[in-house]
Amino acid sequence: MKKKEIKKLSKDEIIKNINKLKKDLFNFRFQKINSQVTNPAQIGETKKNIARLKTTLKEKINA
């Protein structure tokens, strides 16, 4: 997700996306253990997206 896309989301949508990405990250960990990861860079990208969403959520709460 890009920063512009994230800024357009509401608080509820951001929370839903964070939860979805956390589930994906959880599944990536199991795939990594079983050597089934098709794109290892996707793990890092998922972590970065979670961080971006959390930052934007914090900004919206404090504003």
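Brief remarks on what is shown
- Flag for residue 7 being of a type in the set (Lys, Arg), surrounded by 10 or more Cβ atoms within 10 Å (Cβ to Cβ) and over 11 Å from the mean Cα position of the chain (by Cα): yes
- Counting only residues that are surrounded by fewer than 13 Cβ atoms within 10 Å (Cβ to Cβ), at pLDDT below 95 and among the aliphatic types (A, V, I, L, M), the stretch 30-60 holds 2 of them.
- Scanning the stretch 42-63 for residues that are of a type in the set (D, E, K, R) and without any contact (Cβ under 8 Å) to a residue 24 or more places away in the chain returns 45, 47, 48, 58, 59.
The values are calculated or read from the model by the stated rules, or taken from the named source; none is laboratory data. In this text the structure is predicted, and so the values were computed from the model without any measurement. Reconstructed Cβ throughout: ideal geometry from the backbone, glycine too, with neighbour counts over all protein chains shown.
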